[in-house]
Amino acid sequence: MRLRSPLENKFDGRGDARLTVAVGKYCLAAIMTLAMGPQEFAQTNVVVIRPKEIHDVLVNPGMGITTFQRFNGQAPNAPLKWSEVWPVAKLPQASPKPDFPETSISYCRWYWNAIEPEHGKFRWEIVDIALEEARAHGQTLAIRLMPYSNQDPLPAWYRNSGARRANKPTDKDGGIWQPDFSDPLFLKYWGELVAEAGKRYDGNPFLDSVRQPVRAGTTWSAANTR
């Protein structure tokens, strides 16, 4: 009596033929792979890129330096001084071209009194122009909206709205009308501005980021949201 192997027990009759065909196909595939050679086989899924050498500053999308209150090719701010109220209209291109590298982002910011000089009447055309200028200059736009500074007061309509003032005219810092940041009127009116900006610009492909105060009422911030 002859003992059958495990393969014979599992594959008999037509099963033996199927096993033979399967093994044959596997061997054929292995032989073809070896015939192609390791380098030729590996390169079928490889894309070779050879960057061209340049001597310019590389514009890094979404990173690096920005133009400030300006766009590529426009005259930069004067040394040691900058504008906090521009741009509210299109600026001309500089001639000759300034010695300032191209950037992928323009950073612009405006105070409350520039965007909402009258209650409920928003000058969104200012931001619209900036977004269009960024697109036209091959950039995206990062923006910041700020309530006030020591040189840029709160809107007159807000100061006359019955909102609480945090300081007095006779105080050392009384030259600028400072709001009470916990005042419900401040939270309401400033919140309306932020909400309207969100409705208008959410999802805009040329808006890189929006900078808003870390807490209500701070005039400077480091909080970035996309």
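The values are calculated or read from the model by the stated rules, or taken from the named source; none is laboratory data. What you see is a predicted model; the values in this text were computed from it and never measured. Positions of Cβ are generated from backbone atoms using ideal geometry, with glycine treated the same way; all protein chains shown enter the neighbour counts.
Only one of the listed residues (Ile54, Ile105) is outside the structural domain of Ala136 (by TED's automatic domain parsing), under 30 Å from Phe206 (Cα atoms) and modelled with pLDDT of 85 or more. That residue is Ile54. Test Val127 against the criterion of being hydrophobic (A, V, I, L, M, F, W, C) and assigned to a loop (DSSP other than H, G, I, E, B), and give yes or no. No.
Taking the range 181-205 as the range and being assigned to a loop (DSSP other than H, G, I, E, B) and within 15 Å of Met146 (Cα to Cα) as the test, only Phe181 passes. What is the number of the single condition among (1) under 29 Å from the mean Cα position of the chain (by Cα); (2) in a loop (DSSP other than H, G, I, E, B); (3) free of Cβ contacts under 8 Å to residues at least 60 places away in the same chain that Lys168 does not meet? If we test Lys168 against (1) under 29 Å from the mean Cα position of the chain (by Cα); (2) in a loop (DSSP other than H, G, I, E, B); (3) free of Cβ contacts under 8 Å to residues at least 60 places away in the same chain, just (1) comes out false.
Residues in the range 41-79 that are without any contact (Cβ under 8 Å) to a residue 40 or more places away in the chain and touching a helix residue (DSSP H, G or I) at 6+ places or on another chain (Cβ under 8 Å): Phe41 alone. Filtering the range 171-202 to residues that are basic (Lys, Arg) and within 32 Å of the chain's Cα centre (by Cα) leaves Lys188, Lys199, Arg200. Whenever a residue of the range 127-151 is within 20 Å of Pro101 (Cα to Cα), its partners that are among the β-branched types (Val, Ile, Thr) and not in a loop (DSSP other than H, G, I, E, B), lying with C-beta atoms within less than 6 angstrom and at least six residues away or across chains, give the pairs Ala134/Thr140; Gln139/Ile105; Thr140/Ile105; Ala142/Ile105. Of the residues in the range 147-162, none is in a loop (DSSP other than H, G, I, E, B), over 25 Å from Gln74 (Cα atoms) and touching a Lys or Arg at 6+ places or on another chain (Cβ under 7 Å).
If you go through the range 127-153 and pick out every residue that is surrounded by fewer than 18 Cβ atoms within 10 Å (Cβ to Cβ), under 16 Å from Glu196 (Cα atoms) and among the aliphatic types (A, V, I, L, M), you end up with 0.
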